Structure formats: structure tokens, C-alpha cells
Amino acid sequence: MESKFVQAGPVRLQYFEQGHGPDTLVLVHGYASSAAIWRYTLENLSEGRFRVIVLNNRGAGESDRASSDGPFNEEDYSVETFADDLFNATEALGLEGYTLVGHSMGGATVTRFALEHQDRIKGLVLMNPAPLMGRVLPDGWEKELRESLQAPEPPVRDMGFNAAHVTEDFKQAVMADISRNPVERFIGGRRSMAELKLRDRLDEINVPTLVMGGDRDNTVGINNILAEFQALPKSNRHLHIYHDIGHSPNVEVGDSVAALLGDFSVLAGSLDLQSAR
């Protein structure tokens, strides 16, 4: 896909666009990864049915790393900042009535977005979302993380790399993006996720919301995935749990994720039409 750029408020973000269909999906990646993580989902989405926008958050890919020429700040890489950037980018692109999909930290980002701007979307998908009530970080976590970043290879959790179909060039593309991350993105992102307090507000979301995840996710934990689902209003919540899949179903079972997103987008569109009548 062709690399494009959009001015999202104070930052210039890289994005990729695929397809020309009437149904729009916006995909948001997670903590240390980039738009590259969506490859196996994208290749299974019909270009005639969907228009897909895949953003690189600030600090990822060729997006700006910060909103000024000064030193990087941890606050530049928080869930709140990413959600603000997402709003600025989608508004600049003239998008509305789309299905918003977030993976991992991206799940927290799109949740924050939806709580402020759900009038802009027709559906929301939380894929293995970062725990929306945060988590306690162990003593010495920052020192340990900074030391791990000095290693030849950046620290990586479950990215689905062990799936049989995953190629070396895919791994290299994802890892190349991760290796370019500023230290502040690793530190700020983890601190931001630890401080999340969004689960108690999920009952404010009134658009159809799909929570999906894998029962072998050791990064956020199946208990947290189910807790997000249970906190949503019963009238508009949907759940899909993959058996024997980890933190990155968009990599491990991209074909199935693409089909599920397509079905959910149709469902969200039909419910949106009913509510408008």
C-alpha cells in the first residue's frame, strides 16, 4: 500500500489506505508496534467492499515522534495523546460513520476516543485491549525496561510470530519499526496503560461494540478481556474468543479476523440505520 501522511493537529502521521468500498474501517495498532502488524488482516479484506485506513501512531513508522522540535516527553505517548491524534487524523481525512478497531494499547486508545467522540463512529472493536482498569507496575520496572532496550533486539511480547504462515520479512518489518521507537514511547506508553481508569465508563458507550481476544493471551489476560465485555451495556455488546490463540489474532488468524470484522461492520451498520429511523 502507498504511504500517505495526514496533519493530525500538532503532528504529521503516516497512514496507509487500502480499498475503495462503501464500508470504512480504521485500524489502530498497539503499544510498541506499528501499522505493519495488520498485514495478515488487510490481505483478507475485500478492496471492493472496504476502505481501510491504517494509522501509525506518533513515534511509529514514519509518523512524527513528537509535537515539537524539543526533547521527547513521555506524555507524547499516552493513551490520551494517541486518542487526540486519532480524532485529529480522522477529522482531517473527513471520516464519519466508520468502524473503529484497536488492538492492545490501541484498544485503550479507541475506547478513550469513543468515550469522547462516539457520534463519529458506527461501531467499535476492542481486540485484546490493554486492561482498561490499569495494572500495578512492579518495583524497578522502569530501570529494567531501560536496560532491556540496550539489548541488540528490542523487547517483544506475543506478536503472533510463531504462527506457521508468518514470514521472515513480516517479522523484520515489524521489528524494524519497533527498533526505531524512542525510549520515551516505551516508558510513557507503559506508564499510561498502568494508570488507565476507563472500565468504569464503558457503560457510556452506546454504539455496537465487539470485544475479541484469544484465550491464550498472557499479555493482557483473558480475565481482563472478559471484564471489558461485561462492563459494556448488554444491549450493544458482542464477544468473540479464539481458542488456542494469544495476544495477536490479527497476525495468528488474520483471515478469520478479517471475516469477523466484515460481519460486525455489517451488523453495526444495520443497527445504526435502525437507530436513525
Of everything in the stretch 28-37, what is among the hydrophobic types (A, V, I, L, M, F, W, C), out of contact with any Leu (no Cβ under 7 Å at 6 or more places or on another chain) and either open to solvent by less than 10 Å² (accessible area, probe 1.4 Å) or over 26 Å from ASN128 (Cβ atoms) (or both)? Give them in sequence order.
ILE37
Members of the stretch 171-196 found to be under 18 Å from TYR77 (Cβ atoms) and open to solvent by 40 Å² or more (accessible area, probe 1.4 Å), listed by number:
SER179, ARG180, VAL183, GLU184, ARG190, ARG191, GLU195
Cβ contacts < 7 Å: first residue on the phi < 0 side of the Ramachandran plot, restricted to the stretch 67-89; second residue open to solvent by 50 Å² or more (accessible area, probe 1.4 Å) and at pLDDT below 85, any location; separation 6+ or different chain. Result?
ASP76/SER67
Inter-residue pairs, beta-carbon under 7 Å, first open to solvent by 50 Å² or more (accessible area, probe 1.4 Å) and in the stretch 1-26, second assigned to a strand (DSSP E or B) and among the acidic types (Asp, Glu), 6+ apart:
MET1/GLU17; LYS4/GLU17
GLY94 passes all but one of (1) assigned to a loop (DSSP other than H, G, I, E, B); (2) touching a residue at least 12 places away in the same chain (Cβ under 8 Å); (3) surrounded by fewer than 17 Cβ atoms within 10 Å (Cβ to Cβ); which number fails?
(2)
Going by the structure shown, is ASP158 more than 30 Å from LEU95 (Cα to Cα), at pLDDT below 95 and among the charged types (D, E, K, R)?
yes
Determine the pairs where a residue that is at pLDDT 95 or above, located within the stretch 188-208, has a partner that is surrounded by fewer than 21 Cβ atoms within 10 Å (Cβ to Cβ) and of a type in the set (Lys, Arg) with Cβ atoms under 9 Å apart, the partner being 6 or more residues away or on another chain.
MET193/ARG135; ALA194/ARG135; LEU196/ARG135; LEU202/ARG237; ILE205/ARG237; PRO208/ARG237
So which residues in the stretch 135-155 are assigned to a loop (DSSP other than H, G, I, E, B) and either hydroxyl-bearing (Ser, Thr, Tyr) or touching a Ser or Thr at 6+ places or on another chain (Cβ under 9 Å) (or both), if there are any at all?
GLU153, PRO154, PRO155
For PRO131, only one of the following conditions fails: (1) of a type outside the set (Gly, Ala, Ser); (2) in contact (Cβ under 8 Å) with a residue 60 or more places away in the chain; (3) under 30 Å from LEU232 (Cα atoms); (4) surrounded by fewer than 13 Cβ atoms within 10 Å (Cβ to Cβ). What is its number?
(4)
Could you pull out every one of the helices (runs of 4 or more DSSP H) wholly within the stretch 194-277 that has 2 or more residues that are over 17 Å from the mean Cα position of the chain (by Cα) and aliphatic (A, V, I, L, M)?
222-231, 254-276
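The values are calculated or read from the model by the stated rules, or taken from the named source; none is laboratory data. Small disclaimer: the values here were computed from a predicted structure and weren't measured. Using ideal geometry, Cβ is built from the backbone for each residue, glycine included, and neighbour counts are taken over all protein chains shown. SASA here: full protein model, heavy atoms, side chains in, ligands and nucleic acids out. Shrake-Rupley method; radii C 1.70, N 1.55, O 1.52, S 1.80 Å.
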